[in-house]
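**Q** First, the structure itself, so that you have it in front of you.
The values are calculated or read from the model by the stated rules, or taken from the named source; none is laboratory data. Bear in mind that the values here come from a model prediction, so they are computed numbers and not experimental data. Counting neighbours? That spans all protein chains shown, and the Cβs are built from the backbone with ideal geometry, glycine included. Please note that ligands, DNA and RNA were not included when accessible areas were found on the heavy atoms of the full protein model with its side chains. Shrake-Rupley method; radii C 1.70, N 1.55, O 1.52, S 1.80 Å.
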Amino acid sequence: MKLLGLDHVGIVVRDIDETVARAGNTFDGRAVGERFVSEDIDLQVLLCGESTLELIEARAAGFGMPKLKDGETAVIGHFGIEVDDLDDAKAELTRRGVVLEGEVETDDVRFIFTAPKTTFGVALQLMEHKGRGTGE
């Protein structure tokens with residue numbers, strides 16, 4: 001299993017519209033890509049310099065996206081870690097006792113989340129970008 005580095009930080013926020021606006025005004029964060037809206041989440045990727053933040057308004061707890069508690073305005077939901085070979089990473093982490101959940105594949109990337117209780121209390125989103133690692 002080869003870790004290539006931090007891809008992004010997923011931050012669960014109370015109000016995504018307000019947070020996107022404040023990020024733009026505060027540190028020149030700019031929205032990139034299309035906003036993803038589903039029944040459970042509203043997600044927007046921001047580019048802040050060369051770093052990527054994934055802002056998530058979660059309406060239900062799920063893979064790497066805890067529901068905010070009363071009084072919380074934002075929490076780290078997960079860290080997106082790029083790997084060279086997702087299948088190899090899954091096999092190695094399973095051997096180490098890490099629980100994996102929520103595998104997804106798109107045209108550009110394959111990813112899976114770890115259960116936070118098995119990875120030091122925070123979810124990791126292991127990602128293989130197609131065409132960059134061993135992915136096709």
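**Q** Those residues that are out of contact with any helix residue (DSSP H, G or I) (no Cβ under 9 Å at 6 or more places or on another chain) and farther than 11 Å from residue 128 by Cα, I need them from segment 105-114; list them, please.
**A** 107, 113
**Q** Is it the case that residue 113 is closer than 30 Å to residue 17 by Cα, part of a strand (DSSP E or B) and touching a residue at least 60 places away in the same chain (Cβ under 8 Å)? First the steps, then the outcome.
**A** On the way: closer than 30 Å to residue 17 by Cα: yes; part of a strand (DSSP E or B): yes; touching a residue at least 60 places away in the same chain (Cβ under 8 Å): no.
No; evaluated as a whole, the condition is false for this residue.
**Q** If residue 7 meets every condition in (1) open to solvent by less than 60 Å² (accessible area, probe 1.4 Å); (2) out of contact with any Ser or Thr (no Cβ under 8 Å at 6 or more places or on another chain) apart from one, which number is that one?
**A** (2)
**Q** Turning to a different aspect of this structure: Could you check how many residues of segment 91-130 are of a type in the set (S, T, N, Q) and open to solvent by less than 20 Å² (accessible area, probe 1.4 Å)? So that I can check it myself, show each step before the final result.
**A** Of segment 91-130, the ones of a type in the set (S, T, N, Q) are 94, 106, 114, 118-119, 125.
Then keep just the ones that are open to solvent by less than 20 Å² (accessible area, probe 1.4 Å); that gives 114, 119, 125.
Total meeting the criteria: 3.
**Q** What is the residue count in segment 63-93 for residues that are of a type in the set (Val, Ile, Thr) and closer than 23 Å to residue 132 by Cβ?
**A** 2
**Q** Let me ask something additional. Identify all residues within segment 21-56 that are open to solvent by 40 Å² or more (accessible area, probe 1.4 Å) and either among the charged types (D, E, K, R) or assigned to a helix (DSSP H, G or I) (or both); write none if there are none.
**A** Of all residues in segment 21-56, those open to solvent by 40 Å² or more (accessible area, probe 1.4 Å) come to 21-22, 25-28, 30-40, 47, 49-52.
Residues satisfying the conditions are 21, 22, 25, 26, 27, 28, 30, 34, 35, 39, 40, 50.
**Q** Follow-up. Can you tell me how many residues in segment 63-90 are open to solvent by 40 Å² or more (accessible area, probe 1.4 Å) and either within 12 Å of the chain's Cα centre (by Cα) or small (Gly, Ala, Ser) (or both)?
**A** Result for segment 63-90: 6.
**Q** In segment 50-74, how many are at pLDDT 85 or above and at positive phi?
**A** Of all residues in segment 50-74, those at pLDDT 85 or above come to 50-58, 68-74.
Filter once more, so that each one left must be at positive phi: 71.
Total meeting the criteria: 1.
**Q** Out of segment 79-110, which residues are more than 25 Å from residue 51 (Cα to Cα) and either in a helix (DSSP H, G or I) or of a type in the set (S, T, N, Q) (or both)? Walk me through it before giving the result.
**A** We begin by selecting, within segment 79-110, every residue more than 25 Å from residue 51 (Cα to Cα); these are 87-88, 90-101.
Across segment 79-110, the qualifying residues are 87, 88, 90, 91, 92, 93, 94, 95.
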